[in-house]
Structure formats: C-alpha cells, structure tokens
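**Student:** Okay, handing you the structure first.
The values are calculated or read from the model by the stated rules, or taken from the named source; none is laboratory data. Predicted model only: the values in this text are computed from it and were never measured. A quick note on method: Cβ atoms are made from the backbone with ideal geometry, for glycine too, and the neighbour counts reach across all protein chains shown. Ligands, DNA and RNA are excluded from the accessible area calculation, which covers all protein heavy atoms including side chains. Shrake-Rupley method; radii C 1.70, N 1.55, O 1.52, S 1.80 Å.
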Amino acid sequence: MSQVAALYIVPTPIGNLNDISQRALDILQQVDLIACEDTRHTAKLLSHYQINTSTWALHDHNEQYKSEQLVKRLLDGQSVALVSDAGTPLISDPGYHLVNSCRDAGIQVIAIPGPCAAITALSAAGLPTDRFAFEGFLPAKEKARLDKITYLKDEPRTLIFYESPRRLLDSVAALVQVLGDDRQIVVAREITKTFETIHSLPAAQMLAWLQADSNRSRGEIVLMVAGYRSTSEDELSANVLRTLTLLCTELPLKKAAALTAEIHDSKKNALYKYGLEAGL
Ligand code: SAM
C-alpha cells in the first residue's frame, strides 16, 4: 500500500541505527521517492532495513532547482519522504526551501517525530529545559563568533549549539572570553554511539578539561550553555528563597519579600524582583 501523496519529513538515527520508529520505516518503504542529502549515506540505512525505494539527492547546492521538480511530482500524486544524513531534516540541514514550496503549492507536509541531536543532548544535560534557544553552528570566523556570543550574553534561556570537533576549543575559549569563567557549559559528544560522553563544567574549567586531552573534542558535538542569571538571583541563597517561596503561599509577594528580607537580613528589592520573575 503506498502512502497518500504528501511530503513526509522523516528523522533518521544520529548514531544508533535502532533509533528509528516503525512509522518512519513504513513511510520510507511505501513512498514513491526518498529525497536525501547524500544517496550513498542514506543507502546504508535503507539496506540495513531492506528498503528498496528510489533515492534522489537534495542538498544545499541544488535544493531550489530540485524542489521545483519534487513539487511537480507531488502535484502529480506521488508521495515523497525527505531525510537528511542524520537526525531531523531542516534542523541545520536542507529542506526549508522544499517545505516552503510544498506549502505554497498546497501540498500536505507531514512531519514524523524522531531523533534530533539538540533535543536529545538537552534532555540529558542537567541545564534548565523550560526555555531554550537553538542557535545552530557558531560562525567559523573569530570576529563573527565573538559578536554572536556577545549578542547572546544576556540571553536567559539555555543555549544550544552544534559544533565541529575542529572548532570546539576555539568556541569554548570564546565563551570564556565573553561570558566569563563561571558560566556552566555542557559538552555532549557522540550521543547514542559507543563513545558517548556528556560533561558539565564551569566555562574556564571546561576549556582546561578539553585542552588536557584532544580525545575529549573528538566526534560529533552538541555544546550547551546555561542562560544568563541576574546577579540578584545569584546572591540569594537557597535558604532565603525557600523562606520567600513558603511565605508566598500565604502572603502577597510584596509582603513576603519584606518579611523574608527582615528574617534573613537580605535585600527586599532583589527578593521582590526574583519573585516576579519566578511567578511567585
Ligand atoms: N539534523 C540533525 C539533527 O536533527 O540533529 C543535525 C544535522 S547537523 C548538519 C550535524 C551536527 O549535529 C553535528 O555537527 C553535531 O553538532 C550534531 N550531531 C549530530 N549527531 C550527533 C551525535 N550523535 N552526537 C552529538 N552531536 C551530534
């Protein structure tokens, strides 16, 4: 049975070949055509699962031209799956132009959930996950990289970057330079593969740890950085915040902040500001 004529966005494993859903495999088996970044790379996955569907190269350099041809096929009633070399297509990978063209042409686009290095790394990093900003790759040139980090200096959300092993040290050095020694950094390496490691340290210590052994920068890397926290928040100890949180269950924030400041001899305004930000 073939799939309904639509563009299917199909995530593929980021290392461990078992990380692909049954639904993704069914779609790859049943569509008329699989558009992929590199046909030889995708052939390995397809042969592992004994899937014989034809493949078609769609990469950054030919995406516009190839998208037009794929849209024609889809309008003719064919079904197409889009995959990238690894993970979720369009996430630092080709496909944006194709999806946009399909939506403009009224073609259904169906996304299948699946592996993504950024989300997998974040879920195990131990950094706040309630709000995060995915920033793709940092610029390769030093000045542009420093400018980008400076732009993100006061960003309160957890930052996620993709990184190449060749540039990891330079990027972490730039993070130390702009964000200071103490900002928490997590390096997630080779996720789902044999040499998977997830290491978390304050920025300056992370730089020293990476410099001590080049093996620690090898392979595929997701670099994560704790978001900016205001000094007032840092200055408030866990004990003080506990009192504030308890008092807030019975009193308005203003009163709770004033009483907490009195009890702990701390700053009323900082407590009030913290309470507002934390939604107490
Ligand atoms: N679309 C993919 C996804 O959904 O994760 C990302 C493609 S991007 C071109 C490739 C980058 O993703 C790598 O340079 C690395 O930063 C990250 N990456 C991919 N697989 C990874 C893995 N197994 N462990 C750590 N990082 C990985």
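**Student:** Would you check if there is a residue in segment 160-168 being in contact with a Ser or Thr (Cβ under 9 Å, 6 or more places away or on another chain) and away from the ligand (no atom under 16 Å from the Cβ)?
**Tutor:** no
**Student:** Let me ask you something else. Take D130 and decide whether it is among the acidic types (D, E) and in the same structural domain as I20 (by TED's automatic domain parsing).
**Tutor:** Spelling it out, it is not the case that D130 is among the acidic types (D, E) and in the same structural domain as I20 (by TED's automatic domain parsing).
**Student:** Being closer than 30 Å to I185 by Cα, more than 7 Å from the ligand (Cβ to nearest atom) and crowded, with 22+ Cβ neighbours inside 10 Å: is that true of P89 here?
**Tutor:** Answer is no for this residue.
**Student:** Being closer than 20 Å to A117 by Cα and small (G, A, S) is the filter; apply it to segment 183-220 and report the residue that is farthest from the chain's Cα centre (by Cα).
**Tutor:** S217
**Student:** Examine segment 26-39 for a residue that is within 14 Å of the ligand (Cβ to nearest atom), within 27 Å of A188 (Cα to Cα), open to solvent by less than 20 Å² (accessible area, probe 1.4 Å) and in contact (Cβ under 8 Å) with a residue 12 or more places away in the chain, and state whether such a residue exists.
**Tutor:** Yes, the conditions are met somewhere in segment 26-39.
**Student:** Any idea which residue in segment 72-86 is farthest from the ligand (Cβ to nearest atom), counting only those that are hydrophobic (A, V, I, L, M, F, W, C) and open to solvent by 20 Å² or more (accessible area, probe 1.4 Å)?
**Tutor:** L75
**Student:** Which of the residues that make up segment 92-103 are more than 7 Å from the ligand (Cβ to nearest atom) and surrounded by 17 or more Cβ atoms within 10 Å (Cβ to Cβ)?
**Tutor:** The answer is P94, G95, H97, L98, V99, S101, C102.
**Student:** Now a separate question. Considering segment 49-65 alone, what residues qualify as being within 14 Å of H97 (Cβ to Cβ) and surrounded by 14 or more Cβ atoms within 10 Å (Cβ to Cβ)?
**Tutor:** Within segment 49-65, L58, H59, E63 qualify.
**Student:** Please determine whether any residue of segment 55-63 is within 25 Å of R40 (Cβ to Cβ), free of Cβ contacts under 8 Å to residues at least 12 places away in the same chain and among the aromatic types (F, W, Y).
**Tutor:** No, that holds for no residue.
**Student:** Within segment 45-59, which residues are within 25 Å of I191 (Cα to Cα) and under 25 Å from the mean Cα position of the chain (by Cα)?
**Tutor:** Hits for segment 45-59 are L45, H59.
**Student:** Next question, about the same structure. Give I34, I110, I14 a once-over and let me know the one that is out of contact with any helix residue (DSSP H, G or I) (no Cβ under 7 Å at 6 or more places or on another chain) and either at negative phi or of a type in the set (D, E) (or both).
**Tutor:** I110
**Student:** Starting from residues that are in contact with a strand residue (DSSP E or B) (Cβ under 8 Å, 6 or more places away or on another chain) and open to solvent by less than 20 Å² (accessible area, probe 1.4 Å), keep the ones in segment 128-154 and report whichever is nearest to the ligand (Cβ to nearest atom).
**Tutor:** Result: G136.
**Student:** Search segment 117-138 for residues that are without any contact (Cβ under 8 Å) to a residue 12 or more places away in the chain and pair each with any residue that is open to solvent by 80 Å² or more (accessible area, probe 1.4 Å) and in a loop (DSSP other than H, G, I, E, B) when their beta-carbon atoms are under 9 Å apart and the residues are at least 6 apart or on different chains.
**Tutor:** Cβ pairs passing all conditions: D130/R157.
**Student:** Taking only segment 104-116 into account, find how many residues are surrounded by 16 or more Cβ atoms within 10 Å (Cβ to Cβ) and within 22 Å of E135 (Cβ to Cβ).
**Tutor:** 3
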